[in-house]
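> Just passing along the structure, written as structure tokens.
The values are calculated or read from the model by the stated rules, or taken from the named source; none is laboratory data. Bear in mind the structure is a predicted one, so any value in this text is a computation, not a measurement. With ideal geometry, Cβ positions are generated from the backbone for all residues, glycine too; neighbour counts draw on all protein chains shown.
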Amino acid sequence: MMNKKKFTSPIIEMLIGALIAALGYLAFKRGGYYYKLTALTGRGVVFYILAALLALGGLAVIVVGITSLLRVSRYNALVESGDRAAASSLDRSMGIKAKRALSNTFIYVLLVIISVIWLIPFICIILQSFRVESTSPVGYIVPQQWGLANYKNLLNTNFPRWYLNTFIIAIACAVLQTVIVLCMSYVLSRFRFKLRKPLMQFMLILGMFPGMLSMIILYRVLKDLGMTQANAVPGLILVYIASSGMGYYISKGFFDTIPKSLDEAARMDGATRAQVLFKIILPLSKPIIIYTILTAFMAPWADFVFARYISLNNPIGMNVAVGLNTWLSKDQIDSMYTTFCAGGVVVALPVTILFMLLQRYYVEGVTGGAVKG
Amino acid sequence: MASVKLTNVKKIYDNNVVAVHDFNLDIKDQEFVVFVGPSGCGKSTTLRMIAGLEDISDGTVEIDGEVVNDLQPKDRNIAMVFQNYALYPHMSVYDNIAFSLRLQKMPEDLIFNKVTNVAEILGITDYLMRKPRALSGGQRQRVAIGRAMVRDSKVFLMDEPLSNLDAKLRNQMRAEIILLRQKLNTTFIYVTHDQTEAMTLGDRIVIMKDGYIMQVGSPAEVFEKPENLFVAEFIGAPKMNIVPAELVNANGAYQVKLFGAAIPVDGDKGAELARARIPGRKVLLGVRPEHIVLSKEASASSIPVTLEVNEMMGSELHLHAFTDDGTRIIFRVPTIDLTASERAGLVNGAKLNVTFEGKVMHFFDPETEKNLLYSHEY
Amino acid sequence: MSKKSIVSPIARIVLGLILAAVFCIFAAKLVDPWINKIGTAKAKDVIWSIITLIAGAVLLISGIAELVRSLHFNRMVTNSGMQVKKVKHATIGDFFKKIGAWFANAGKAVANEFKDIVQTFRNGDWKTKLSFLVMGFGSIARGQVLRGILFLLFEIVFIVYMIFAGVHWLSLLPTLGTKGPSVVYNEVLDQYVSQYNDNSFKILLYGVLTIFFIIAFIYTWRLNVKQNKISEEILRSGKPLKSGKDDLRSLVDDKFHATLLALPLTGIIIFTVLPIIFMILVAFTNYDGAHDGYYNNLFTWVGLKNFNTMLSWKAVGGGQSYAATFGEILTWTLIWAFFATFTNYFLGMFVAMMINKKGIHFKKVWRTILVMTIAIPQFISLLYVSKMFAKNGIVNGTLIALKIIDKSKPIPFWEDPTLARVMVILINIWIGIPYMMLISTGILMNIPADLYESAKIDGASPWQQYRKITLPYMLFITGPYLLTSFTGNMNNFNVIYLLTGGAPANSAASTAAGTVGYTDLLITWLFKIATGAEAQYYMASVIGIMVFAVVAVISLIVYNLLPSIKNEEDFQ
């Protein structure tokens, strides 16, 4: 059952290599054009580098194509002569050794580039937070003078207040939201009652409305209750936890994976449904509980719209997101840019560390419950 | 012709774990060979080495006389049915079966004919356009078999294909596999842990344990002439009774002494012992439950036992008893052979006497566990 | 045996042809300056031409190929003489029939309720009949004191509320107040002071609450009536009624779900459902900054006027018509959601597969680096990146320092419309890939290995294995996720607002509702309108409703399209 291989694949490879090399040549010409312009010599250099890479790459692909060609002809010869074993082992090595080394190097290069790109903004922000020679946004990355002035400056502003606000909100949400979400997910996973499906569909439809719409009326109501502006913190907590029940999806997916026979066995032993929840299900749900607490804790640090609207320009009630954003307004940015960077680092660091410590649970939650679909 | 020959085949994993030791086997064309044994005995590993899914650490595998060690799976002219069926969930049954043919760039007309033929043989024509998740276990089984059949390969490999089915379906599918085998001219290599499947399906059975071949033979051979203790206990249900006894040679006439009784080894068995010049010695005596009979009264050649459990199996009773020193024995009695009063007497604590003939005795060396009479080096 | 459906390939061909036609339009725009040697092709047109060409070609080619295959297959089926089963197609007619059936069932249910109420009255004993008026009487009279008192309490509270407040609010609901703020002479202070009278906001709010309350009351009353009927039946059969203790115990046992759901559902109803209903109603008023209902003028019902304004093509006070603006923003929103979703999806999967490949070391390191970026609060990343690409930002600064661009011509990342849109999509990829990579990794690790082994035996090359096993399997599992991701991106406020604030401004598209930018989504437009100087809440509500409509329609189509195609063959 051994067929001869066609030559199309190697020929295509060689053509692609030629194409890439041709592009390299074009890049070379363009580079020459830019290089001659003094203001754009850098761009010329970039094009020269690009040309070199393309030429090398094109050449490499052509070489690969030629070797593939040789291999295919050898393979066909072997098949013709009936030496199936040799042909098959040639086939195997063709697919594996040569190409794998090449693609692996390529992948490593790509991964390094990706890692750099992903990390650059954060490295920049950290570096910028140590810049003391100026406080406005500049065009270079590495500070000329290093110092902790920006961090000290944080203490002179409302930043500590914002930090405390957000921290309180985060703790409150972490606890209360978890309770509410778990209640909701547990019920939807375990109980079958008449309104169950309509309830889930109803919440699905509710989710299609832009959340922002309710902001306006919630603001008026909270205002009447005195929970806005300076007192935004309790107001925000109330808003966050009240509708948190709608985020049951992932937790429910997790609960669905716990076999119902455990519930049934416990109930046969005489436990009430409540006891089943507290004594059996919850102890088994450590990953999802931690996941829920983690995400509930992290969310308030990032919320912008609601916090801004409810605190309405009163610096006492702002959270870190809104507060830091005010420093980027046209009139403040020149003096507060580096302080913003420092603030960003102070906000990001604890949350990131916490996340890294509990990363396992986050990943488990996402891969387990998120895609049960 | 599609014979399969394994010579000194070994499988050693990276951490120096030896999964298969020195496997030697000659499978004839169109033979149905079953690899059977407990979990971890190396049967699936051997099958996968034949398929090309595992590298062969040492030795050669030949298919049709050609060494295939270095051949890719697709070049070995084999087809495989997996335990979990391995059906592509997003393709219809038709596309699942046609998959390999399309990879070979066969024209669609030919593919259509082949697929519909196979579907008809297996009775799955009505499901051709469904997706696997709309099928029951048995139907998916058939699709997996169909996918293997359509390749017209010479060797059919099956890796525990019936393990995921319920008991009733398993019996049904077993029969269908036998019918299938009669229709196709291929060599079958079948892996299972179920000795019933092995006995009913195989022309020859290869019993494996811990990577070694324990015995190779036809179902009758392994049943009647188990070459070691493992095979003796593995084949046949309920298990063979193995008890320590003393073999006594009294001038050419043999006797077994156990539990105070002395049972003569009569008939051909005695002659075999004499021919092999087996001396008097301590042995492990094996007797199958169905070969132990009730004696009406005690005698020098009957063993007194106390009945413990009486299982009513329908046409026969399985009686669990123990001897005076607590050794457990199981034996079977056809219900029809007992009178009503005799049946009534078979209760917990009843004192019974059992005996058996020479021709059903098996003698094993207590140290090597080998059968004193039949032995073989694999 | 069934024949293959040709609906899907034909649909693809039609779509492909449409796209091809659109491509021709853009291509013409490109070719024109080239032929006439005047001006240069706009970047926008180049991008659109490429997109429509590729998309159209893919659809056309795959559609034609599929059609040919299906026709060939169907011909073979006919020639084979096999019995052919009819395949039922889910048509639009079925869809409407479903809706009709739903209404019919609802109507029947209501009718049944009425019948039941009447019957309970007729057949019930005097305790039951009295309960129709005094809620809970029947329960108390039969010994279920706890339940009875709860019912009775509810009725009393309701009646008191209605008398002292409910009726008042309801009466003002049709007009939303008549007496606006006025200026009166205050003798004590000897000056004119403002006097605030009716409060439209409160009227609307409490009016709606009252209606809710009435509905709740009707439901509870119905429950009370049903209770009586059930109690009578239980007593008639000789069994005892549940005592108060039983009721309390059932709250932690068989009725535990009610106990657990009470708090979350209350929260949702008050803080999500109520505001949404309120805002839907606002869309039918003229509530804005100038008509805030109390301090400035009252607001009142205007019927469908706002919707007419939104959908009208007439230019309004110095700007484009609302409908045109809406159309433009909607188009960009859909395009953005499409690209944001699918780039993240495929690139995330690609990165996951790269890291997962055999022979790649330090897998954990690569994954950790990417996953770390999920932890950092998005607003920091977005705000900072936004500043990075500003005219005087780091990126331009570095490029100038390296002499890659001219000092006097920094790249207008956020100022050029097309460039801004591209940047927004690219940065969203930066934000979204780690999450998608996590999900993909989880799924990739769960693909059964024997699928690949079977393919190997069948002779599939690694590339074929990817195409025929990995890719379809992933799409199979993450299909629903794609939909939620798409609708989520349509409402992705943070990314757009924090990066660009909707800029650069699109003065041509600005309407009386305020300035609109090229990167504005419907939702950021909504935000601007609601928080702008004029605070036109009613327009914001209208937009919100339309967003909902679009999302709902898309979800409905996708949900009904996918399963019906999948189940087509299963239908026999």
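> If residue A:269 satisfies every condition in (1) more than 19 Å from residue C:258 (Cβ to Cβ); (2) surrounded by fewer than 17 Cβ atoms within 10 Å (Cβ to Cβ); (3) without any contact (Cβ under 8 Å) to a residue 12 or more places away in the chain; (4) within 9 Å of chain C (Cβ to nearest Cβ) but one, which is the exception?
Of (1) more than 19 Å from residue C:258 (Cβ to Cβ); (2) surrounded by fewer than 17 Cβ atoms within 10 Å (Cβ to Cβ); (3) without any contact (Cβ under 8 Å) to a residue 12 or more places away in the chain; (4) within 9 Å of chain C (Cβ to nearest Cβ), only one is false for residue A:269: (4).
> Give A:127, A:102, A:70 a once-over and let me know the one that is outside the structural domain of residue A:349 (by TED's automatic domain parsing), exposed (fewer than 14 other Cβ atoms within 10 Å of the Cβ), in contact with a Pro (Cβ under 9 Å, 6 or more places away or on another chain) and of a type in the set (A, V, I, L, M, F, W, C).
Values: A:127 fails: exposed (fewer than 14 other Cβ atoms within 10 Å of the Cβ); A:102 fails: in contact with a Pro (Cβ under 9 Å, 6 or more places away or on another chain).
Only one candidate passes the filter, namely A:70.
> Another question, then. Pairs please, first residue from the range C:214-229 and touching a residue at least 60 places away in the same chain (Cβ under 8 Å), second anywhere and among the basic types (Lys, Arg), Cβ atoms under 8 Å, 6+ apart in sequence or on different chains.
Matching pairs, first to second residue: C:227/C:147; C:228/C:127.
> For residue C:374, all conditions in the list (1) out of contact with any strand residue (DSSP E or B) (no Cβ under 7 Å at 6 or more places or on another chain); (2) more than 21 Å from residue A:302 (Cβ to Cβ); (3) part of a helix (DSSP H, G or I); (4) touching a residue at least 40 places away in the same chain (Cβ under 8 Å) hold save one; what is the number of the exception?
(2)
> Additional query: Suppose we keep only residues that are more than 10 Å from every other protein chain (Cβ to nearest Cβ) and in a helix (DSSP H, G or I) within the range C:484-495. Which one would you say is farthest from the chain's Cα centre (by Cα)?
Looking at the filtered set, the residue picked out is C:495.
> Here's another thing I want to ask about it. If a residue has to be surrounded by 11 or more Cβ atoms within 10 Å (Cβ to Cβ) and either modelled with pLDDT of 85 or more or in a helix (DSSP H, G or I) (or both) to count, how many in the range C:79-89 make the cut?
Just the residues of the range C:79-89 that are surrounded by 11 or more Cβ atoms within 10 Å (Cβ to Cβ), to begin with: C:80, C:82, C:84-85, C:87-89.
Subsequent filtering for residues that are either modelled with pLDDT of 85 or more or in a helix (DSSP H, G or I) (or both) retains C:80.
Matching residues across the range C:79-89 total 1.
> Give the residues of the range A:311-333 that are within 12 Å of chain C (Cβ to nearest Cβ) and of a type in the set (A, V, I, L, M, F, W, C), sorted by residue number.
Across the range A:311-333, the qualifying residues are A:312, A:320, A:321, A:322, A:324, A:327, A:328, A:333.
> If you go through the range B:52-71 one residue at a time, how many are surrounded by fewer than 23 Cβ atoms within 10 Å (Cβ to Cβ) and facing chain C (nearest Cβ under 8 Å)?
The total comes to 1.
> Same structure, new question: Tell me yes or no: at least one residue of the range C:51-69 is at pLDDT below 80 and either of a type in the set (Phe, Trp, Tyr) or not assigned by TED's automatic domain parsing to the domain that holds residue C:558 (or both).
Among the residues of the range C:51-69, at least one is at pLDDT below 80 and either of a type in the set (Phe, Trp, Tyr) or not assigned by TED's automatic domain parsing to the domain that holds residue C:558 (or both), which makes the answer yes.
> Something else about it: Out of curiosity, is residue A:60 more than 14 Å from chain C (Cβ to nearest Cβ), part of a helix (DSSP H, G or I) and either touching a Cys at 6+ places or on another chain (Cβ under 6 Å) or not hydroxyl-bearing (Ser, Thr, Tyr) (or both)? Reasoning before the result, please.
Details: more than 14 Å from chain C (Cβ to nearest Cβ): yes; part of a helix (DSSP H, G or I): yes; either touching a Cys at 6+ places or on another chain (Cβ under 6 Å) or not hydroxyl-bearing (Ser, Thr, Tyr) (or both): yes.
Taking the combined requirement at face value, the residue satisfies it.
> Continuing with the same structure: Report the residue count in the range C:344-359 for those that are at pLDDT below 85, exposed (fewer than 15 other Cβ atoms within 10 Å of the Cβ) and either assigned to a helix (DSSP H, G or I) or out of contact with any helix residue (DSSP H, G or I) (no Cβ under 6 Å at 6 or more places or on another chain) (or both).
2
> Within the range A:133-144, does at least one residue satisfy the condition of being without any contact (Cβ under 8 Å) to a residue 60 or more places away in the chain and assigned by TED's automatic domain parsing to the domain that holds residue A:257?
Looking for residues that are without any contact (Cβ under 8 Å) to a residue 60 or more places away in the chain and assigned by TED's automatic domain parsing to the domain that holds residue A:257, one finds none in the range A:133-144, hence no.
> Let me ask you something else. What number of residues within the range A:250-288 satisfy the criterion of being aromatic (Phe, Trp, Tyr) and in contact with a helix residue (DSSP H, G or I) (Cβ under 7 Å, 6 or more places away or on another chain)?
Residues meeting the conditions: 2.
> For residues in the range C:363-397 being among the hydroxyl-bearing types (Ser, Thr, Tyr) and within 7 Å of chain A (Cβ to nearest Cβ), which is surrounded by the fewest Cβ atoms within 10 Å (Cβ to Cβ)? Steps first, please.
Filtering the range C:363-397 down to residues among the hydroxyl-bearing types (Ser, Thr, Tyr) leaves C:368, C:373, C:381, C:384, C:386.
Those left that are additionally within 7 Å of chain A (Cβ to nearest Cβ): C:373, C:381, C:384.
On the way: C:373: 19, C:381: 22, C:384: 24.
Within the range C:363-397, the match that is surrounded by the fewest Cβ atoms within 10 Å (Cβ to Cβ) is C:373.
> Looking at this structure, is residue A:119 without any contact (Cβ under 8 Å) to a residue 40 or more places away in the chain, under 27 Å from the mean Cα position of the chain (by Cα) and more than 30 Å from residue A:284 (Cα to Cα)?
On the way: without any contact (Cβ under 8 Å) to a residue 40 or more places away in the chain: yes; under 27 Å from the mean Cα position of the chain (by Cα): yes; more than 30 Å from residue A:284 (Cα to Cα): yes.
Taking the combined requirement at face value, the residue satisfies it.
> Report every pair of residues separated by at least 6 positions or lying on different chains whose Cβ atoms are under 6 Å apart, first residue within the range A:81-92 and at the interface with chain B (Cβ under 8 Å from one of its Cβ atoms), second modelled with pLDDT under 75.
Close Cβ pairs (under 6 Å, with a partner that is modelled with pLDDT under 75) amount to A:84/A:2.
> If we keep just the residues of the range C:49-69 that are under 19 Å from residue C:29 (Cα atoms) and without any contact (Cβ under 8 Å) to a residue 12 or more places away in the chain, which is surrounded by the most Cβ atoms within 10 Å (Cβ to Cβ)?
C:51
> Condition check: within 27 Å of the chain's Cα centre (by Cα), crowded, with 18+ Cβ neighbours inside 10 Å and within 10 Å of another protein chain (Cβ to nearest Cβ). Does residue B:148 satisfy that?
Yes.
> So, in the range C:338-354, exactly how many residues are within 11 Å of chain A (Cβ to nearest Cβ) and closer than 15 Å to residue C:485 by Cα?
So the answer is 1.
> So which of A:224, A:256 is surrounded by fewer than 21 Cβ atoms within 10 Å (Cβ to Cβ) and at the interface with chain C (Cβ under 9 Å from one of its Cβ atoms)?
So the residue among A:224, A:256 that is surrounded by fewer than 21 Cβ atoms within 10 Å (Cβ to Cβ) and at the interface with chain C (Cβ under 9 Å from one of its Cβ atoms) is A:224.
> Now, a different point. What is the one condition in (1) at the interface with chain A (Cβ under 7 Å from one of its Cβ atoms); (2) at pLDDT 85 or above that residue C:423 does not satisfy?
Every listed condition holds for residue C:423 apart from (1).
> Being of a type in the set (Val, Ile, Thr), crowded, with 21+ Cβ neighbours inside 10 Å and within 28 Å of the chain's Cα centre (by Cα) is the filter here; which residues of the range B:121-145 pass it?
Listed by number, the residues that qualify are B:143, B:145.
> Hey, another quick one. Looking at residue C:253, is it more than 35 Å from the chain's Cα centre (by Cα) and more than 12 Å from chain A (Cβ to nearest Cβ)?
So residue C:253 does not fit the description; no.
> Within the range C:449-483, work out how many residues are within 11 Å of chain B (Cβ to nearest Cβ), over 25 Å from residue C:339 (Cα atoms) and in contact with a helix residue (DSSP H, G or I) (Cβ under 9 Å, 6 or more places away or on another chain).
The total comes to 13.
> Could you identify the single residue in B:145, B:121 that is touching a residue at least 40 places away in the same chain (Cβ under 8 Å), in contact with a helix residue (DSSP H, G or I) (Cβ under 8 Å, 6 or more places away or on another chain), in a helix (DSSP H, G or I) and under 24 Å from residue C:472 (Cβ atoms)? Walk me through it before giving the result.
Values: B:121 fails: under 24 Å from residue C:472 (Cβ atoms).
Sole residue among the options that is touching a residue at least 40 places away in the same chain (Cβ under 8 Å), in contact with a helix residue (DSSP H, G or I) (Cβ under 8 Å, 6 or more places away or on another chain), in a helix (DSSP H, G or I) and under 24 Å from residue C:472 (Cβ atoms): B:145.
> Still on this structure, please answer the following. Which members of the range C:435-459 meet the condition of being of a type outside the set (Ser, Thr, Tyr) and surrounded by fewer than 21 Cβ atoms within 10 Å (Cβ to Cβ)? Lay out the reasoning, then the answer.
Quick first cut of the range C:435-459, residues of a type outside the set (Ser, Thr, Tyr) only: C:436-439, C:442-451, C:453, C:455-459.
Within the range C:435-459, C:442, C:443, C:444, C:445, C:446, C:447, C:448, C:449, C:450, C:453, C:456, C:459 meet the criteria.
> Can we say residue A:12 is of a type outside the set (Gly, Ala, Ser), surrounded by 14 or more Cβ atoms within 10 Å (Cβ to Cβ) and part of a helix (DSSP H, G or I)?
Here the answer is no, as residue A:12 does not meet what is asked.
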